[in-house]
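Have a look at the structure below, then the notes.
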Amino acid sequence: MALLQISEPGMSPEPHQRRLAVGIDLGTTNSLVAAVRSSLPEVLEDEHRHALLPSVVAYGNDERITVGAEAAARAIADPHNTIVSVKRFMGRGIDDARRHRTAYRFTDAPGMVRIQTRAGDKSPVEVSSEILKVLRRRAEMSLGGELYGAVITVPAYFDDAQRQATKDAARLAGIEVLRLLNEPTAAAIAYGLDNGTEGRVVVFDLGGGTFDVSVLHLSRGVFEVVATGGDSALGGDDFDRRIVEWALRETGLVQAAEPDPIGSALSAGSLSAADLRAMTVEARRAKEALSDSTLTTFSCPLSDSSAVRLPLARERFDAITADLVSRTITVVRRTLRDARIDATDAGSVVLVGGATRMPATRAAVASFFGRPALSNIDPDRVVAIGAAMQANLLAGNRREGDDWLLLDVIPLSLGLETMGGLVEKIVPRNSTIPVARAQEFTTFRDGQTALAIHVVQGERELVSDCRSLARFELRGIPPMSAGAARIRVSFQVDADGLLSVTACEQSSGVKASVAVRPSYGLSDDEIANMLQQSFSSASADRDARALREQQVEADRLYEATRSALDVDADLLTESERAVVESLLARLRETRLGTDTDAIRHAVDALARGTEHFASRRMDRAISKALAGRRIDQID
Ligand code: ADP
Ligand code: MG
């Protein structure tokens, strides 16, 4: 079964019991909150009827923290204390953070970088939580009650640390995270693509500063991310910059041939930082205006009380940004190649991100795929809307017919290392999460009191070919003979992909457990690679597995026979003992080689050659057990 039911069909809560659940798109440039009201998803607005909250947090003089447009307006005057694009630093160390060109002063801290502000060192988690607090307040105001929880979206390529950081930010903001959802998956849900049965969806997301392409595979209502690609330094901001450069050249502030007009105007002193900021704001307005009309006027007062006024036609704008658009298409082509599909294999193409409103971008995508992309849902709201729909389902506000819940799947099988370096798969690849599976294991040696548990992920038969996720030990197993202990190992993967593994010895109840996050540490490329290898080495793996199994069996029997001889050697005559010893020697020798059949024969020979010994030991054990007991006590 690919889908899981979350509550019984027909058990819709009464209207007054509806739980208030929202979807939050925590974006690099803009953040939004949306909810399903009267069966329809809608983006929630603030008191000024603004839906988009600029993802900017300013730490003011008076300990006041401002978020959104008001904060963005201070960026120029107070760059160190006005944090923009904090999403880029989520879950990142100082080296990653420094790779971005920013004015911030960073402090190294374990796990995640800190940004120095006048209010102290702030972790990206704290900064993000300020944005989330505003969205939470907005939601509670407009829905009129306390939030039950939220689905928060993250880029598909976000790793474990980035996802955990996002959850932590929500917790700090007092928001219960129902689950994290991949942004492209949210967009696909908003378009109802999960109602289809099978097919591929390509999501083209051009935001303010980042570009992401995702290829999703839909199978029986479940989306799997097949490939992701993008450019973390390409977005709407680059188009704004092009307009500023164009304006500087047009007004003669810099030479027309100057390769870096902004840089040279700043260093020559002909452009102040404040003027640059003002021109960038105007460039953005002009760019957005050109999505709806073919002509606009770039008009910007400068600090020396002069002004720049230039007509800008869409054609001109398209010409000065054509290379940016073609860069997006190059990335799309590469991502499709990674996903091993053609443009014609894409069942649907979805446009996400405010910058996909630009007609030239739309046209380029349509011409690449040979048909227009889905864009009738506002591209800067579509992710929040999909998240709201998912949140509504998770909160249990289902209607008749909404019986199924879309869930992610485990990209690679999860299992345990067993004797001989073999993998025992417990949760198979593509299982829908959340999922729980358990299996019983036993001890290998007599009197074994501890068990080493090694959790691995991958499709291959040998541990050495899989990815190691975690190791832990179960201690305090009561001493028993080999094979008598019953140790139940359970795997549980929650809705966010967090895996917990618990081992419990059944008779004593001793327990040990570990939590790991299996899927997110791996990039999709790595997953594809591991799968590819498992397909191409399936038969070699089978042989290797057979050999390891035989070796394990050989070791087990060797050990068991040796320890039996230690205790009960007197049950054998001299010559019988010699036969057993020679069988043991032969087994030991073949065990060193790689001939599976030879080892099997040696194992069989030793097993047969010790049958009489085993039955005499059994007799002895029984007579010991009966000694001193009356016949009526035997049951
Ligand atoms: P993010 O996902 O990075 O938070 P958004 O999806 O909100 O960002 O996209 C922000 C970008 O979209 C900005 O560069 C903005 O100028 C651009 N944008 C918004 N509306 C339009 C429009 N009508 N035409 C062109 N670009 C637009
Ligand atoms: Mg976005």
Filter the range 530-571 down to residues that are farther than 20 Å from Asp604 by Cα, surrounded by 15 or more Cβ atoms within 10 Å (Cβ to Cβ) and either modelled with pLDDT of 85 or more or of a type in the set (D, E, K, R) (or both), then give me how many there are. 3
Across the range 23-70, what is the number of residues that are touching a helix residue (DSSP H, G or I) at 6+ places or on another chain (Cβ under 9 Å) and within 16 Å of ligand 1 (Cβ to nearest atom)? 26
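Residue-by-condition table, conditions (1) of a type in the set (Ser, Thr, Tyr); (2) crowded, with 23+ Cβ neighbours inside 10 Å:
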{"site": "Gln162", "(1), (2)": "no, no"}
{"site": "Leu181", "(1), (2)": "no, yes"}
{"site": "Pro184", "(1), (2)": "no, yes"}
{"site": "Gly192", "(1), (2)": "no, no"}
{"site": "Phe211", "(1), (2)": "no, yes"}
{"site": "Ser219", "(1), (2)": "yes, no"}
{"site": "Glu224", "(1), (2)": "no, no"}
{"site": "Arg241", "(1), (2)": "no, no"}
Selected residue (only one of Ser481, Ser464, Ser507, Ser490 is outside the structural domain of Asp168 (by TED's automatic domain parsing) and in a strand (DSSP E or B)): Ser490
Which residues, counting only those in the range 193-236, are more than 13 Å from ligand 2 (Cβ to nearest atom), outside any strand (DSSP E or B) and in contact (Cβ under 8 Å) with a residue 40 or more places away in the chain? Leu193, Asp194, Gly196, Arg220, Gly221, Leu234
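Looking only at the range 115-124, decide whether some residue is of a type outside the set (Phe, Trp, Tyr), surrounded by fewer than 18 Cβ atoms within 10 Å (Cβ to Cβ), in contact (Cβ under 8 Å) with a residue 40 or more places away in the chain and under 24 Å from Tyr59 (Cα atoms).
yes
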Filter result (buried (at least 18 other Cβ atoms within 10 Å of the Cβ) and among the small types (Gly, Ala, Ser)) within the range 296-348: Ala339, Ala346, Ser348
What are the residues in the range 19-42 that are within 13 Å of ligand 2 (Cβ to nearest atom) and among the β-branched types (Val, Ile, Thr), if any? Ile24, Thr28, Thr29
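The values are calculated or read from the model by the stated rules, or taken from the named source; none is laboratory data. Note that the structure is a prediction, hence the values are computed from the model and not measured. As a convention, Cβ positions derive from the backbone with ideal geometry for all residues, glycine included, and neighbour counts pool all protein chains shown.
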